[in-house]
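J.: Attaching a single structure in structure tokens format; questions to follow.
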Amino acid sequence: MRRLTLAALALTVGATGATAQSPGCEWQEGRPAISFTGEISGQHPYYATVGPGWTMALEPASHGWHLRLYDADGLDLTQITPPFRGAPNPREIYGWHFRNAGNTAANDGSINAPQELRLFYFDPDLSGTAGFMPPDNGGFEPDPADGRGFLRILDYGLADLDPGETARMVYLLFEVCFVWTGDFTIPVDPS
């Protein structure tokens with residue numbers, strides 16, 4: 001298990017007004033931002049301390065990992081990320097997302113799944129609640145004050161690539177960014 005502390009996180013500043021292909025991760029007045037890279041393999045979890053007491057997690061799943069951001073009580077703050085039913089959620093990072101329907105080559109569009117860029121939302125105001133209840137009509141729109149983030153897959157490895165099998169992600173090199181509303185400051189390490 002790999003664990004990072006806030007002091008070990010590297011802040012990166014991106015361009016403002018970035019597009020979906022190239023989101024920025026910019027710290028602005030009242031909108032703190034944290035970005036860092038990480039690596040994970042096998043069926044191991046990955047944890048990093050982020051923001052004001054949150055824990056970013058990549059938790060093993062049968063075909064890859066689930067991205068989560070937990071508050072101090074263990075509530076997943078990213079649960080507001082649509083879609084809630086049907087199509088794959090961008091917080092699910094599975095090997096079969098990157099293969100075609102027959103599992104014979106790279107995804108040629110026959111699989112409707114997010115690819116290298118995974119955009120997500122999180123709501124710090126969920127802390128202390130029982131969680132988020134999405135509307136039955138699927139009409140949820142994130143609030144502008146909600147936190148936003150992305151996980152960009154920089155490299156990955158897959159297994160179970162025989163036709164008819166379900167591809168499994170076994171290695172992931174990623175960059176992740178979190179931007180939220182607040183006055184959080186990073187303590188300075190004097191050493």
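The values are calculated or read from the model by the stated rules, or taken from the named source; none is laboratory data. All of these numbers come straight from a predicted model, not from anything done at the bench. Neighbour counts run over all protein chains shown; Cβ positions are idealised from the backbone, glycine included.
J.: So which residues in the range 90-121 are within 21 Å of Phe178 (Cα to Cα) and either within 10 Å of the chain's Cα centre (by Cα) or part of a helix (DSSP H, G or I) (or both), if there are any at all?
T.: Pro90, Arg91, Glu92, Ile93, Leu117, Arg118, Leu119, Phe120, Tyr121
J.: I'm trying to understand the selection: among the residues of the range 43-59, which are farther than 15 Å from Gly149 by Cα, out of contact with any Leu (no Cβ under 7 Å at 6 or more places or on another chain) and either in contact (Cβ under 8 Å) with a residue 24 or more places away in the chain or buried (at least 22 other Cβ atoms within 10 Å of the Cβ) (or both)?
T.: His44, Tyr47, Pro52
J.: Return the residue satisfying two criteria in turn: it lies in the range 60-74 and is closer than 17 Å to Ile153 by Cα and touching a Phe, Trp or Tyr at 6+ places or on another chain (Cβ under 6 Å), and of such residues it is surrounded by the fewest Cβ atoms within 10 Å (Cβ to Cβ).
T.: His63
J.: Okay, next question. Filter the range 86-106 down to residues that are farther than 23 Å from Gly42 by Cβ and polar (S, T, N, Q), then give me how many there are.
T.: 2
J.: Consider Gly149 carefully, then state whether it is part of a loop (DSSP other than H, G, I, E, B) and either at pLDDT below 95 or crowded, with 20+ Cβ neighbours inside 10 Å (or both).
T.: On the way: part of a loop (DSSP other than H, G, I, E, B): no; either at pLDDT below 95 or crowded, with 20+ Cβ neighbours inside 10 Å (or both): yes.
So Gly149 fails the test.
J.: While we're here: Working only within the range 76-89, note down all residues that are surrounded by fewer than 19 Cβ atoms within 10 Å (Cβ to Cβ) and either in a strand (DSSP E or B) or aliphatic (A, V, I, L, M) (or both). Step through it out loud before you land on a result.
T.: The initial filter retains those residues of the range 76-89 that are surrounded by fewer than 19 Cβ atoms within 10 Å (Cβ to Cβ), namely 82-88.
Result: Ala87, single match.
J.: Of the residues that make up the range 30-42, is at least one in a loop (DSSP other than H, G, I, E, B), out of contact with any Gly (no Cβ under 9 Å at 6 or more places or on another chain), crowded, with 18+ Cβ neighbours inside 10 Å and modelled with pLDDT under 95?
T.: To start, the set of residues in the range 30-42 that are in a loop (DSSP other than H, G, I, E, B) comprises 30, 32, 42.
Within this subset, residues satisfying the condition of being out of contact with any Gly (no Cβ under 9 Å at 6 or more places or on another chain) are 42.
Now narrow it down to the ones that are crowded, with 18+ Cβ neighbours inside 10 Å: none.
The answer is no; no qualifying residue exists.
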